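The values are calculated or read from the model by the stated rules, or taken from the named source; none is laboratory data. This structure is a prediction, so every number in the text was calculated from the model and none was measured. Counting neighbours? That spans all protein chains shown, and the Cβs are built from the backbone with ideal geometry, glycine included. The accessibility values were calculated without ligands, DNA or RNA, using every heavy atom of the protein model including side chains. Shrake-Rupley method; radii C 1.70, N 1.55, O 1.52, S 1.80 Å.
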Amino acid sequence: MKKIGFLSFGHWTPSPQSGTRTAADALLQSIDLAVAAEELGADGAYFRVHHFARQLASPFPLLAAIGARTRHIEIGTGVIDMRYENPLYMAESASAADLISGGRLQLGISRGSPEQVIDGWRYFGYQPAEGENESDMARRHTEVLLDALRGEGFAKPNPQPMFPNPPGMLRLEPYSEGLRERIWWGAGSNATAVWAAKLSMNLQSSTLKDDETGEPFHIQQAQQIRAYREAWAQAGHARTPRVSVSRSIFALMDGRDRAYFGGSRDESDKVGYLDEKTRAIFGRSYAAEPDKLIEQLKQDEAIAEADTLLLTVPNQLGVDYNVHVIESILKHVAPAMGWRE
């Protein structure tokens, strides 16, 4: 059995060919898709966060709105770039969204990916401390967030407050119990996956990672997951961690599917450079009739290792079509893979 959700990048463009032409379209359609996915029996609605782009950005209003409209589906991010974040304000916002949803928030965070602008986090008022680089800054922000989410008091109260205080040092409010255990780290390398395990964060691994061995993507990703689980066991954490992978998977069920994805040549991994130093490998997409798709997916070692699969959806094709994409996998692929009864 495997949890299956969707991951939306929330693209929008004023092009006449797009079904998502404005930021309002992207936000409102995201809510509608999450509601529909819950009705289908999907397990998660996750959203990418990008700044300075025609994509979804500030996630917490959207997540809170989805939490208020749904009852069971997990809501989450994949991922929030921690270089841009005030971790204490983020802890308050995340806790509020989690409480509105009844404890369903699964918060994916990371160092972030290549940006639309140069050093965009500087415009948000952040810069690495002396001796740090931007990745160090992201990890420092993360550790502050994790500490805040434990709910322990750390701020000295005013002796003459406007409102009465509880005894002792004060914590951030609102506090959502259990959210600390639902933080995920989006790891681009084996080393950052191991770091996440030591800090007792769940693991998100996408269709992109550092090319560390030259092997096929799914094999490298499976190795990353195994390294993460080994580090988790060595750290001695009490709970069982969760691991998600994301994939572009399309079952060709009708003429629309074949028109959109039937001619796809993206059946092999791609290798490129994220920057001057980072050689990365991009995982392949899957698009085929269900029987063929099932056989292809059975060969994907990383999907087999993960407990959660996030289906990346082409949100600009509209809510109805994306409901069809998700339903096709849930009904015609997942049972044969043993992911559903």
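Can you tell me how many residues in the range 252-274 are under 20 Å from residue 207 (Cα atoms) and aliphatic (A, V, I, L, M)?
2
Scan the range 184-210 residue by residue and report those that are open to solvent by 20 Å² or more (accessible area, probe 1.4 Å), touching a helix residue (DSSP H, G or I) at 6+ places or on another chain (Cβ under 7 Å) and within 20 Å of residue 276 (Cα to Cα).
Once the filter is applied, which keeps residues that are open to solvent by 20 Å² or more (accessible area, probe 1.4 Å), touching a helix residue (DSSP H, G or I) at 6+ places or on another chain (Cβ under 7 Å) and within 20 Å of residue 276 (Cα to Cα), the range 184-210 yields only 190.
Which of the numbered conditions does residue 230 fail, given that it passes all the others? Conditions: (1) in contact with a Leu (Cβ under 8 Å, 6 or more places away or on another chain); (2) assigned to a helix (DSSP H, G or I); (3) over 18 Å from residue 86 (Cβ atoms); (4) of a type outside the set (Ser, Thr, Tyr).
Only one criterion in (1) in contact with a Leu (Cβ under 8 Å, 6 or more places away or on another chain); (2) assigned to a helix (DSSP H, G or I); (3) over 18 Å from residue 86 (Cβ atoms); (4) of a type outside the set (Ser, Thr, Tyr) is unmet by residue 230, namely (1).
Where residues in the range 250-262 are touching a strand residue (DSSP E or B) at 6+ places or on another chain (Cβ under 8 Å) and outside any strand (DSSP E or B), which of them is surrounded by the fewest Cβ atoms within 10 Å (Cβ to Cβ)?
Of everything passing the filter in the range 250-262, 262 is surrounded by the fewest Cβ atoms within 10 Å (Cβ to Cβ).
Taking the residues in the range 86-105 that are over 25 Å from residue 3 (Cα atoms) and not polar (S, T, N, Q) as candidates, determine which candidate is surrounded by the fewest Cβ atoms within 10 Å (Cβ to Cβ).
Step by step, filter the range 86-105, then rank; the result is 89.
Which residue pairs have Cβ atoms under 6 Å apart, sit 6 or more places apart or on different chains, and have a first residue in the range 80-91 that is under 12 Å from residue 124 (Cα atoms) and a second that is assigned to a helix (DSSP H, G or I) and open to solvent by 10 Å² or more (accessible area, probe 1.4 Å)?
Short answer, once both residue conditions are applied: 82/141; 83/134; 85/141.
Restricting the search to the range 10-56, which residues are of a type in the set (A, V, I, L, M), surrounded by fewer than 18 Cβ atoms within 10 Å (Cβ to Cβ) and not in a helix (DSSP H, G or I)?
53 - this is the single residue of the range 10-56 that is of a type in the set (A, V, I, L, M), surrounded by fewer than 18 Cβ atoms within 10 Å (Cβ to Cβ) and not in a helix (DSSP H, G or I).
Is the range 71-82 home to any residue that is surrounded by fewer than 23 Cβ atoms within 10 Å (Cβ to Cβ) and in a helix (DSSP H, G or I)?
no
Checking the conditions here, which among 177, 173, 181 is in contact with a helix residue (DSSP H, G or I) (Cβ under 8 Å, 6 or more places away or on another chain) and either touching a residue at least 60 places away in the same chain (Cβ under 8 Å) or under 28 Å from residue 79 (Cα atoms) (or both)?
That would be 173, the only listed residue that is in contact with a helix residue (DSSP H, G or I) (Cβ under 8 Å, 6 or more places away or on another chain) and either touching a residue at least 60 places away in the same chain (Cβ under 8 Å) or under 28 Å from residue 79 (Cα atoms) (or both).
From 140, 122, grab the single residue that is more than 28 Å from residue 197 (Cβ to Cβ) and out of contact with any Pro (no Cβ under 8 Å at 6 or more places or on another chain).
Result: 122 is the single residue among 140, 122 that is more than 28 Å from residue 197 (Cβ to Cβ) and out of contact with any Pro (no Cβ under 8 Å at 6 or more places or on another chain).
Looking only at residues that are open to solvent by 40 Å² or more (accessible area, probe 1.4 Å) and not in a loop (DSSP other than H, G, I, E, B) in the range 111-154, which one is farthest from residue 275 (Cα to Cα)?
In this case the residue turns out to be 147.
Which one of these is within 27 Å of residue 337 (Cα to Cα) and open to solvent by less than 10 Å² (accessible area, probe 1.4 Å): 242, 247?
247
Select the strands (runs of 3 or more DSSP E) contained entirely in the range 263-341, then report the ones holding at least 2 residues which are open to solvent by less than 50 Å² (accessible area, probe 1.4 Å).
Qualifying strands (runs of 3 or more DSSP E): 279-282, 286-288, 308-313.
Filtering the range 57-70 down to residues that are of a type in the set (A, V, I, L, M) and out of contact with any Phe, Trp or Tyr (no Cβ under 8 Å at 6 or more places or on another chain), which residue is surrounded by the most Cβ atoms within 10 Å (Cβ to Cβ)?
Filtering the range 57-70 for residues that are of a type in the set (A, V, I, L, M) and out of contact with any Phe, Trp or Tyr (no Cβ under 8 Å at 6 or more places or on another chain), the one surrounded by the most Cβ atoms within 10 Å (Cβ to Cβ) comes out as 66.
So how many residues does the range 179-204 have that are within 17 Å of residue 90 (Cβ to Cβ) and assigned to a loop (DSSP other than H, G, I, E, B)?
Residues flagged as within 17 Å of residue 90 (Cβ to Cβ) and assigned to a loop (DSSP other than H, G, I, E, B) within the range 179-204 amount to 2.
Report, ordered by the first and then the second residue, all pairs with beta carbons closer than 9 Å, sequence separation of six or more or different chains, a first member in the range 10-25 that is on the phi > 0 side of the Ramachandran plot and at pLDDT 95 or above, and a second member that is hydroxyl-bearing (Ser, Thr, Tyr) and part of a loop (DSSP other than H, G, I, E, B).
10/20
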